[in-house]
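In what follows, a structure is listed as structure tokens, so that the remarks can point back to it.
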Amino acid sequence: MIAHDEALEIIKQHVGDAIVIAVYGTAVDWHALRPHPLNYFSVGAMGLAASHGLGIALGRPDKRVIVLDGDGSLTMALGTLITVAGAAPKNFVHILWENGVYQANGGHPLPAREVTDYAGVALAAGYRAAYRFDDKVNLAQQIRSLLAEEGPVFVDLKIDPGPVKKRDYKPLRAQALRDAFKAALARA
């Protein structure tokens, strides 16, 4: 398994000027690690990170869109995989934080967490490619090329759930962040 913070550090090194959509706890940590006007935070909309990312990817086909989704969030909206695959945005990379728990809601275990193959589901839904990583060395070696692939691409990261942390999501809902995102989209 890959540590949460290590996965974020590895991804951070290769996102360039991509639009990054992050969900819940990962959003809090991503914002602290890489504050950027092209960050979009899907907080308070569990299950909708990929949908938000799809809309942005279709609206801005000239920009790479990277969704940092959670397995609890995606499990609530598995049909989104079919919608993404049907739209087939070439600029879309969907990275799943698979830790087996609803981290944002107290670390409760996900149903069927021992048997669900999210990368297999993404392929069956029609994603162009899907990958799995449970080792940070392999992730670090391959992430650059995966982020550049024609999408939609799905990347399943096996993340150590670690301890449940109390998160303050309020700063991610700030009007200033939304305004900065809109302005950055208009400039980019």
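Using a Förster distance of 35 angstrom, determine the FRET efficiency expected from the C-beta separation of Val137 and Leu78, and round it to 0.05. Before the final figure, lay out the partial values.
Working: r = 30 Å, r/R0 = 0.86.
The pair Val137/Leu78 has a calculated efficiency of 0.70.
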Practice item. Grab the DSSP H runs of the chain that are 4 residues or longer, score each as -39,500 (n - 2.57), total them, divide by all residues and round the 222 nm result to the nearest 500 deg cm²/dmol. Key: -12000 deg cm²/dmol
Point to revise | Charge-dipole axis of the stretch 2-178 as Lys and Arg at +1 and Asp and Glu at -1 on Cβ define it, positive-most pick from Pro109, Leu146, Val65 | key: Val65
Practice item. Using the structure shown, select from Lys90/Lys165; Lys158/Lys182; Lys90/Lys166; Lys12/Lys166; Lys63/Lys165; Lys63/Lys166 the pairs with a Cα to Cα distance greater than 30 angstrom. Key: Lys90/Lys165; Lys158/Lys182; Lys90/Lys166; Lys63/Lys165; Lys63/Lys166
Exercise for review: Counting only DSSP beta bridges with both residues in the stretch 2-178, tell me the antiparallel percent, nearest 5.
Suggested key: 5
Review point. What ³J(HN,Hα) values, in whole Hz, does the Karplus curve 6.51 cos²θ - 1.76 cosθ + 1.60 give for the stretch 67-78 when θ = phi - 60°, with x put for Gly and Pro?
Key: 9, 9, 9, x, 5, x, 5, 5, 4, 6, 8, 4
Exercise for review: Could you pull out every residue, at least 5 positions away or on a different chain, whose amide H is within less than 5 Å of the one on Tyr40? Hs are placed 1.01 Å off N in the peptide plane, and Pro or chain starts have none.
Suggested key: Val20, Ile21, Ala22
Check your understanding: If you plug each phi of the stretch 155-164 into the Karplus form 6.51 cos²θ - 1.76 cosθ + 1.60 with θ = phi - 60°, what whole-Hz ³J(HN,Hα) values come out, in order, with x for Gly and Pro?
Key -> 10, 9, 9, 7, 10, 5, x, x, x, 6
Revision key, fill the gap. About its Cα centre, the chain carries a charge dipole, from +1 on Lys and Arg Cβ atoms and -1 on Asp and Glu Cβ atoms, whose size in debye to the nearest 20 is 680
Study note, to complete from the structure: In this structure, the FRET efficiency calculated for Arg113 and Lys63 from their beta-carbon separation, with R0 = 35 Å, to the nearest 0.05, is 0.60
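Between Ala87 and Lys166, what's the calculated FRET efficiency when r is the beta-carbon distance and R0 is 41 Å? Round to 0.05.
That pair, Ala87 with Lys166, gives E of 0.65.
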Exercise for review: Pull up all non-local amide H partners of Ile2: gap of 5 or more, or a different chain, and H-to-H distance under 5 Å with H placed in the peptide plane.
Suggested key: Lys158, Ile159, Asp160
Review point. Roughly how many nanometres apart are two label points built 7 Å out from the Cα toward the Cβ at Ala180 and Arg128?
Key: 3.1
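Here, each number is a calculation from the coordinates, and none is a lab measurement. Bear in mind the structure is a predicted one, so any value in this text is a computation, not a measurement. Virtual Cβ from ideal backbone geometry, glycine too; neighbours counted across all protein chains shown.
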